[in-house]
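Chemist: Sharing a structure here in structure tokens format.
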Amino acid sequence: MIIVCSLREAQNQISQHGARRAITILAPGTELPRFDGVTADDHLRLTFHDIAGASPGLEPPQTRDMVALLTFLRKWDKQQPMIIHCWAGISRSTAAGYIATCLFRPHADEFELAEELREASPSATPNAMLVALADEALGRDGRMRQAIQSIGRGEDAFEGTPFKLKI
């Protein structure tokens, strides 16, 4: 099981669900957390800005970030839950959660997985740049991007409510 949440909720979700792996995605320069119950080897920390396109002075997700994310996900034994969080639990972490479901359910329809994401989180607005990188890396021929576009922007929220994704 994957639990997607905000930074503020991450430790609580780790403790509540017995998660032993975590993915942190925050902006460059933000202090990166450490979590009780998660070792350094089981905690992937990525830093890039939550932007939808190139913007001067801001760092978008890069291919190296996608390689690190997919490598980390592939090493997960799926025995205990994994937490994926970003600052608000709305964009970068929901994109990473969607990417994980596409990776672990390779024969599932991307549009159905996007609909599952929307049902699980009305506020989810997956980072389009991160999804595009994954779409290319996973050889999905644009279907992941199109699926996320099809669900549109999520409901306005300051912080997303923690939710679970099945893998």
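Chemist: Inspect all residues belonging to the stretch 114-126 and state whether any of them is among the charged types (D, E, K, R), free of Cβ contacts under 8 Å to residues at least 12 places away in the same chain and assigned to a helix (DSSP H, G or I).
Modeler: Yes, the stretch 114-126 contains a residue that is among the charged types (D, E, K, R), free of Cβ contacts under 8 Å to residues at least 12 places away in the same chain and assigned to a helix (DSSP H, G or I).
Chemist: In addition: So is TRP76 in contact with a helix residue (DSSP H, G or I) (Cβ under 6 Å, 6 or more places away or on another chain) and aromatic (Phe, Trp, Tyr) or not?
Modeler: Taking the combined requirement at face value, the residue does not satisfy it.
Chemist: Related question: Out of everything in the stretch 147-167 that is outside any strand (DSSP E or B) and among the hydrophobic types (A, V, I, L, M, F, W, C), what residue ends up being surrounded by the fewest Cβ atoms within 10 Å (Cβ to Cβ)?
Modeler: The extreme case among them is PHE158.
Chemist: Turning to a different aspect of this structure: Looking at the stretch 63-76 only, could you name the residues that are surrounded by 12 or more Cβ atoms within 10 Å (Cβ to Cβ) and not charged (D, E, K, R)?
Modeler: Correct list: MET66, VAL67, ALA68, LEU69, LEU70, PHE72, LEU73, TRP76.
Chemist: Would you call ALA96 closer than 29 Å to THR39 by Cα, touching a strand residue (DSSP E or B) at 6+ places or on another chain (Cβ under 6 Å), among the aliphatic types (A, V, I, L, M) and assigned to a loop (DSSP other than H, G, I, E, B)?
Modeler: It is false that ALA96 is closer than 29 Å to THR39 by Cα, touching a strand residue (DSSP E or B) at 6+ places or on another chain (Cβ under 6 Å), among the aliphatic types (A, V, I, L, M) and assigned to a loop (DSSP other than H, G, I, E, B).
Chemist: Counting only residues that are surrounded by 14 or more Cβ atoms within 10 Å (Cβ to Cβ), in a loop (DSSP other than H, G, I, E, B) and out of contact with any Lys or Arg (no Cβ under 6 Å at 6 or more places or on another chain), how many does the stretch 77-93 have?
Modeler: Total satisfying the criteria: 6.
Chemist: If a residue has to be polar (S, T, N, Q), assigned to a loop (DSSP other than H, G, I, E, B) and either at pLDDT below 95 or crowded, with 19+ Cβ neighbours inside 10 Å (or both) to count, how many in the stretch 12-62 make the cut?
Modeler: Adding up the residues that qualify gives 1.
The values are calculated or read from the model by the stated rules, or taken from the named source; none is laboratory data. Note that the coordinates shown come from a computational prediction; the quantities given were computed from them, not determined experimentally. Quick reminder, even Gly has a Cβ in these numbers, built from the backbone with ideal geometry, and neighbours come from all protein chains shown.
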